[in-house]
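These notes are about the structure you will find just below.
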Amino acid sequence: MSRILISEIRNAEECPGDVLVKGWVRTRRDAKAFSFIELNDGSCVGNLQVVADATIPGYEDSVLPLRTGASVEIEGKVVASQGGGQKWEIQASAVRLVGNAEEDFPLQKKGHSMEFLRSIAHLRPRANLFGAVFRVRSRMAYAVHQFFQEKAFVYVHTPIITASDCEGAGEMFRVTTLDGKELDSGAEDFFGKPTYLTVSGQLEGETFACALSNIYTFGPTFRAENSHTSRHASEFWMIEPEMAFCDLDQDMSLAEEMVKYLVADALENCAEDLGFFNRFVDKGLVERLEFVRERDFARVSYTEAVELLISSGEKFEYPVEYGLNLQSEHERYLTETHFKCPVTVYNYPREIKPFYMRKNDDEKTVAAMDLLVPGIGEIVGGSQREERLDILRANLKEHDLDEKDYQWYVDLRRYGSVPHAGFGLGFERLLMFVTGVGNIRDVIPFPRVPGWAEF
RNA sequence: UCCUCUGUAGCUCAGCGGUAGAGCGGGUGGCUGUUAACCACUAGGUCGUUGGUUCGAAUCCAACCGGAGGAGCCA
């Protein structure tokens, strides 16, 4: 008999009959003449209730010693459950104990703190919440590819080790074989120059967009900032589409369409897991996701956003003033209080944005955009790129960057330059938004944050 | 890097100046178509570390270490 997944049994309309199931014991309850075993194999949140009669072979050796966490194989017949709480249960004909769990198995049948579960990241996928999170993570990764592939975007693998310490982006992790010696010049190092883990595949992505038209990257990204918040990790995954012959407006539309698509996909394909989050993590989750799927996102220019914040009468800790960055509290006010829906803010002052963003005709702003969602803040950041050679060169100079270091990037503007645009979407931030989980460390299998790189 | 909170049994926490407690988990026994099952008994802790105040410190003070939240930066 071949193994059947518990999800298949739980979802069955018709009785599946005789089956073989394999999984891990969540709990056992003994009656006088039989035991109940709650079995989970990770295929869904729900457990399968197994009734093991004391007369079946191996009852003493394989059922009575079972502790929470043990792995078992069970053969039996699926029958309608006599008890409430589940449609089907299994009347076992044979139970084989594959590997018992030692007495100190740390996952109990009770609520644990997220902090404790992080410390046992090798076992936490066996907890309901994390099983659900990582099933959704898998599904969302699939949906990301589906979204772009349906639009004929080309998936590009940009390098993870890079020599461009550029962009004024965050701190980078140095990649070296020198072990502490001669780090600064890098001349003696493996690549003959200093190299780092990538903070973004954007610049490389642009080169491919300027050949294949529409591309996307989806891979790991590394930031060495010493940031301690629930929204930052040192290693995370980012999705970065880049489109040739594309302006900011089309860029924003794609970002909005993508967020809606992913939310809709989760609602459609992860309903049970989302239901679990809705019960135990965030009571308003499903309603909010449905809202996001149905309604248009708001769009305001940075200038309008600043005016709106000033005239709101709201007391902010940090000042709102044209030319200053929007603070977290300002972004949250916009998306959570004022619009009560996702908001795209666009056309930011040049001074607060990087060299590669396209200067607008007003000479004061650049064609940048941030997509803000309630509860998380910025989930997408993007821009139309500066495609005009002379202006890009001037920008490099203004930002005190050496054109030599960006020669290949500048080249794109010399040979068949085109207007192009793209954005970065933080995969984990999307997952936080979709699952309602409040800490980025709990949507990454083995999170890396300052001071923590276990497992 | 800065600000705030926090560190007591395997887990979740109470105790907040006078010789360490509960629930859950573990072990043993009982009961029951049970479902975070229930009942009884039992084992388990140099109260984060170091120093100080005190007759006496888990409790007060200081430093350090760990954890969490927020800010900045960003995704």
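Relative to the Cα centre, what is the charge dipole magnitude of segment A:113-163, using +1 at the beta carbon of each Lys and Arg, -1 at the beta carbon of each Asp and Glu, and rounding to the nearest 20 debye? Before the final figure, lay out the partial values.
Values: 7 positive and 2 negative charges, 37 e Å.
For segment A:113-163, the charge dipole is close to 180 debye.
Kindly write out, for segment A:83-100 in residue order, the coupling ³J(HN,Hα) from the Karplus curve 6.51 cos²θ - 1.76 cosθ + 1.60 (θ = phi - 60°), rounded to whole Hz, with x marking Gly and Pro.
Karplus-based 3J(HN,Hα) across segment A:83-100 equals x, x, x, 7, 6, 10, 9, 10, 8, 6, 9, 8, 10, 10, 6, 7, x, 6 Hz.
Just for the Cα atoms in chain A, what are the lengths along the principal axes, largest first, rounded to whole Å?
85, 57, 44
Averaging over every viewing direction, what projected area does the convex hull of the Cα atoms of segment A:6-99 cover, in nm²?
Values: hull surface 21.4 nm².
Seen from a random direction, the Cα hull of segment A:6-99 projects 5.4 nm² on average.
In Å², and per residue, what accessible area does segment A:26-110 have when probed at 1.4 Å with the other protein chains present? Don't jump to the answer; show the numbers that get you there.
Values: 4200 Å² over 85 residues.
In whole numbers, segment A:26-110 has 49 Å² accessible per residue.
Which of the chymotrypsin sites (Phe, Trp or Tyr not before Pro) found in segment A:394-454 are in a DSSP loop and have at most 11 neighbouring Cβ atoms, other than their own, within 10 Å?
Numbers: sites: A:Y406, A:W408, A:Y409, A:Y415, A:F423, A:F427, A:F433, A:W452; in loops: A:Y415.
In loop regions of segment A:394-454 (DSSP not H, G, I, E or B), the sparsely surrounded chymotrypsin sites (Phe, Trp or Tyr not before Pro) are A:Y415.
As a test of the formula, what do you get for chain A when each DSSP H run with n ≥ 4 contributes -39,500 (n - 2.57) and the sum is divided by the residue count, at 222 nm and rounded to the nearest 500 deg cm²/dmol?
Working: 12 runs with 125 residues, N = 455.
Calculated from helices alone, the mean residue ellipticity at 222 nm is -8000 deg cm²/dmol.
At 20 °C and 1.002 mPa s, grab the translational diffusion coefficient of segment A:77-180 from Stokes-Einstein with a Kirkwood Rh over Cα pairs, rounded to a whole number in µm² per second.
Working: Rh = 20.2 Å.
The calculation lands on 106 µm²/s.
So, for segment A:299-405, what is the accessible surface per residue at a probe of 1.4 Å, expressed in square angstrom? Present the calculation step by step, with values, prior to reporting the outcome.
Working: 5140 Å² over 107 residues.
Ligands and nucleic acids excluded, the figure is 48 Å² per residue.
Rounded to a whole number, what % of the accessible area of segment A:6-99 do carbon and sulfur atoms account for, probe 1.4 Å? Walk me through the numbers on the way to the answer.
Values: 2110 of 4330 Å².
Its accessible area is 49 percent carbon and sulfur atoms.
How much length is gained on full extension from A:F173 to A:R414, taking 0.36 nm per residue of separation minus their Cα-Cα distance? Display every interim value, and only then the final one.
Numbers: separation 241, 0.36 × 241 = 86.76 nm, distance 3.16 nm.
That works out to 83.6 nm of additional length.
If you count only protein heavy atoms and use a 1.4 Å probe, how large is the accessible surface of A:E294, to the nearest 10 Å²?
Here the residue's solvent-accessible area equals roughly 110 Å².
With each label point set 7 Å from Cα along the Cα-Cβ vector, what nm distance links A:A224 and A:H399?
Distance between the two pseudo-spin positions: 1.9 nm.
If the chain between A:E287 and A:Q91 were fully stretched, how many nm would it gain, using 0.36 nm times the residue separation less the Cα-Cα distance? Kindly include the intermediate steps, with their values, before the conclusion.
On the way: separation 196, 0.36 × 196 = 70.56 nm, distance 3.84 nm.
Roughly 66.7 nm would be gained on extension.
Figure the gain on full extension for A:Q407 and A:T55 (residue separation times 0.36 nm, minus the Cα-Cα span) and round it to one decimal in nm.
Taking 0.36 nm per residue and subtracting the Cα distance, the gain is 118.9 nm.
Sort segment A:239-341 into rounded, prolate or oblate with this rule: let a ≥ b ≥ c be the square roots of the eigenvalues of the Cα gyration tensor; rounded if a/c is under 1.5, and if a/c is not under 1.5, prolate when a/b is larger than b/c, oblate otherwise. All intermediate terms of the calculation are to be shown ahead of the outcome.
Working: a/c = 2.68, a/b = 1.33, b/c = 2.02.
Oblate shape, in that a/c is at least 1.5 and b/c is the bigger or equal ratio.
In the P(r) worked out for segment A:177-235, what percent of Cα pairs fall beyond 13 Å?
Values: 1232 of 1711 pairs.
The calculated P(r) of segment A:177-235 puts 72 percent of pairs beyond 13 Å.
With the crude spin-label approximation of a point 7 Å out along Cα→Cβ, what separation in nm comes out for A:W452 versus A:L308?
3.4 nm
Calculate, for A:A271 and A:N325, the FRET efficiency according to 1/(1 + (r/R0)^6) with r their C-beta to C-beta distance and R0 60 Å; round to the nearest 0.05. Walk me through the numbers on the way to the answer.
Values: r = 39 Å, r/R0 = 0.64.
That gives a FRET efficiency of 0.95.
Which lysines have a Cα less than 27 Å from the Cα of A:K110, not counting those fewer than 8 places away in the same chain?
A:K22, A:K32, A:K87, A:K283
Hey, what D do you get for segment A:353-425 in µm²/s if you plug the Kirkwood alpha-carbon radius into Stokes-Einstein at 37 °C and 0.692 mPa s?
The calculation lands on 248 µm²/s.
How would you classify segment A:109-258 from its alpha-carbon gyration tensor, with a ≥ b ≥ c the square roots of the eigenvalues: rounded for a/c under 1.5, else prolate if a/b is greater than b/c, otherwise oblate? Before the final figure, lay out each step's value.
Details: a/c = 2.32, a/b = 1.08, b/c = 2.16.
Oblate.
The values are calculated or read from the model by the stated rules, or taken from the named source; none is laboratory data. Computed from a prediction, not measured in an experiment: that's the story for all the values here. With ideal geometry, Cβ positions are generated from the backbone for all residues, glycine too; neighbour counts draw on all protein chains shown. For accessibility, only protein heavy atoms count, side chains too; no ligands or nucleic acids. Shrake-Rupley method; radii C 1.70, N 1.55, O 1.52, S 1.80 Å.
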